[in-house]
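Participant: Dumping the structure here so I can ask a few things about it.
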Amino acid sequence: MNFTEKPRLSLGQIVNMSLGFLGIQFGFALQSGNASRILQTFGADVEHLSLFWLAAPLTGMIIQPIVGHYSDRTWTRLGRRRPFFLVGALLSAVALVLMPNAAVLTTVMPAIWIGAGMLMIMDASFNVAMEPFRALVADKLPGEQRSVGFSVQSFLIGVGAVIGSWLPYIFAEYMGISKTAAPGHVPDNVIYSFYVGAAVLVLTILWTVFTTREYSPAEVERFGIGTPPGEDELASARRGLAVILTDFRRMPKAMKQLGVVQFFSWFALFSMWVFTTPAIAEHVYGVRPDDTASVQYADAANWVSFLFGIYNGVAAIYALLLPVIAKRTGQRGCHAISLAAGGLSLISMFFIGDPDYLIIPMVGIGIAWGSILAMPYAILSKSLPTHKMGVYMGIFNFFITFPQIINGFFGGYIVKYAFGGHAIYSLVMAGVLMLLAAVCVLRVEQD
């Protein structure tokens with residue numbers, strides 16, 4: 001059957017389509033930069049942090065394939081992708097408001113469990129909103145524009161992450177909002193940052209919802225990017241889990257090979273997100289792991305949040321260069337170089353004793369992060385059947401969540417028993433794994 005080529009979109013249309021991802025990443029940056037700090041404030045030990053962070057990948061592993069499957073088959077006045085990321089945004093905003101305020105709900109249960117529960121709800125909601133954005137790029141753009149689409153998406157992700165990461169630091173250092181609080185309570189600069197994050201998340205998602213039109217069922221059929229749900233499709237939807245498992249078994253070879261790359265990459269990233277704050281607090285600032293109410297710990301945590309903003313800023317800029325670099329080196333070569341830069345940078349943090357010099361490895365980590373957000377999807381999209389783009393993008397998330405789950409179960413015990421409680425060695429391990437990912441991506445077969 002001959003399909004009609006999808007129309008090319010302007011840069012403005014691509015930006016409108018992806019702007020909601022800026023808001024999602026704004027919230028995600030607040031989570032990744034401050035969740036460990038909040039959980040330690042509520043009483044979590046360093047070696048238990050990764051267990052609490054398990055909430056994120058577990059919910060992602062379950063939710064994203066399901067959301068992908070049903071978003072392929074959802075037809076409403078808003079389209080098939082937009083209803084999912086709109087609902088996800090609203091739930092994420094509620095969790096962003098409640099998580100840093102868990103201490104006021106201690107009459108119900110201990111704050112640490114409320115905080116962990118909000119982390120789970122927050123990440124589940126991020127996942128509901130996030131996966132359809134990936135599929136929307138593949139839905140709307142012709143093949144030759146997908147690298148540009150994913151790069152623009154990565155740029156906006158970086159912008160949102162920079163602002164979200166820097167906000168607690170800016171509130172504390174430039175606006176005079178308190179960076180410390182009584183033991184067991186989250187400082188005001190973090191609380192207000194989460195409030196702003198919730199507002200930005202909802203507003204940017206609404207912008208995408210109102211400025212981006214999805215293709216109608218007739219257009220989808222004409223462009224060959226899916227089939228409107230007839231009786232067979234509706235029956236298939238009711239058998240959702242069985243269909244997802246079947247699609248999982250039939251995944252393309254390139255997807256399996258990329259899965260190995262993703263395993264090493266995301267195991268490393270999870271270690272960085274969970275352990276950077278306690279690692280820098282101890283290794284650079286000399287703070288005891290149990291001294292989370294001190295000014296020194298607040299300074300370390302705020303500086304880590306600022307550093308995370310730098311690597312996200314680098315990622316945003318680097319994302320715009322990815323199509324040019326990939327054209328010269330190939331997509332695999334581009335991703336391998338980027339991952340190697342991130343791996344060497346993570347290892348170098350062990351040898352840095354001055355907080356200011358930690359800015360340097362953030363450049364390499366930002367290069368890796370910018371590539372991780374875009375290149376695997378650009379490589380993968382060429383190997384996927386167009387009518388199952390949503391479900392396969394959701395299944396691909398398994399290779400992101402599974403390594404985080406493994407790290408969540410064992411990462412804290414590795415720090416405690418293999419590294420003697422010194423979290424800095426977890427960052428060194430992350431660097432080694434990132435280098436392994438760089439080697440593995442060169443073995444991915446492309447059509």
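No value in this document is a laboratory result; all are computed from the given coordinates. On a predicted model such as this, the values are computed, not experimentally measured, just so you know. Here the Cβ is made from the backbone with ideal geometry for all residues, glycine too, and neighbour counts use every protein chain on show.
Participant: With springs only between Cα atoms under 10 Å apart, run a GNM on the chain and tell me which of Ile406, Ile310, Ile372 wobbles the most.
Facilitator: Largest GNM mean-square fluctuation: Ile406.
Participant: For the chain, with a Gaussian network of springs between Cα atoms less than 10 Å apart, report the residue from Glu47, Glu221, Glu144 with the top mean-square fluctuation.
Facilitator: Comparing Glu47, Glu221, Glu144 in a Gaussian network model of the chain, the most mobile one is Glu144.
Participant: What's the exposure ranking of Leu54, Leu206, Leu22, going from fewest to most Cβ atoms within 10 Å?
Facilitator: So the residues, fewest neighbours to most, are Leu206, Leu54, Leu22.
Participant: Using θ = phi - 60° and the Karplus curve 6.51 cos²θ - 1.76 cosθ + 1.60, what whole-Hz ³J(HN,Hα) does each residue of the range 122-129 get, with Gly and Pro shown as x?
Facilitator: In residue order, the calculated couplings are 4, 6, 4, 5, 4, 5, 4, 7 Hz.
Participant: Let me ask you something else. From largest to smallest, what semi-axes in whole angstrom does the chain give when each is the square root of 5 times an eigenvalue of its alpha carbon gyration tensor?
Facilitator: Details: eigenvalues 251, 113, 79 Å².
So the equivalent ellipsoid measures 35, 24, 20 Å along its semi-axes.
Participant: With labels modelled as points extended 7 Å from the Cα through the Cβ direction, what inter-label distance (nm, one decimal) is found for Val104 paired with Leu442?
Facilitator: My value for the distance between the label points is 5.5 nm.
Participant: If packing is taken as the average count of other Cβ atoms within 10 Å, what order do 324-332, 422-430 fall into, highest mean first?
Facilitator: Highest mean packing first, the order is 422-430, 324-332.
Participant: OK, next. Under a GNM of the chain (C-alpha, springs under 10 Å), which listed residue has the highest mean-square fluctuation: Ser151, Ser265, Ser294?
Facilitator: The residue that fluctuates most here is Ser294.
Participant: Ok, one more. Among Asp356, Asp290, Asp139, what is the fewest-to-most ranking by other Cβ atoms within 10 Å? Please report the intermediate quantities before stating the final value.
Facilitator: Numbers: Asp356 8, Asp290 12, Asp139 24.
Fewest-to-most ranking of Asp356, Asp290, Asp139: Asp356, Asp290, Asp139.
Participant: Let me ask something additional. Once you charge only the Cβ atoms, +1 for Lys and Arg and -1 for Asp and Glu, what is the size of the charge dipole of the chain about its Cα centre, to the nearest 20 debye?
Facilitator: Working: 28 positive and 25 negative charges, 261 e Å.
Roughly 1260 debye for the chain.
Participant: Along the range 24-31, what does the Karplus equation 6.51 cos²θ - 1.76 cosθ + 1.60 (θ = phi - 60°) give for ³J(HN,Hα), rounded to whole Hz, x for Gly and Pro?
Facilitator: Values, residue by residue: 4, 6, 4, x, 5, 5, 4, 5 Hz.
Participant: Which of Ile205, Ile360 comes first, and how do the rest follow, when ranked by fewest Cβ neighbours within 10 Å?
Facilitator: Ile360, Ile205
Participant: By how many degrees, between 0 and 90 and to the nearest 10, does the Cα long axis of helix 359-372 differ from the longest principal axis of the chain?
Facilitator: Helix 359-372 sits roughly 20 degrees off the main axis of the chain.
Participant: Moving on. Tilt of helix 146-173 relative to the longest C-alpha principal axis of the chain, in degrees (0 to 90, nearest 10)?
Facilitator: Between helix and principal axis, roughly 20 degrees.
Participant: Excluding Val148 itself, what net charge comes from residues whose Cβ is under 13 Å from its Cβ, given Lys and Arg +1 and Asp and Glu -1?
Facilitator: For residues surrounding Val148, the net value is +3.
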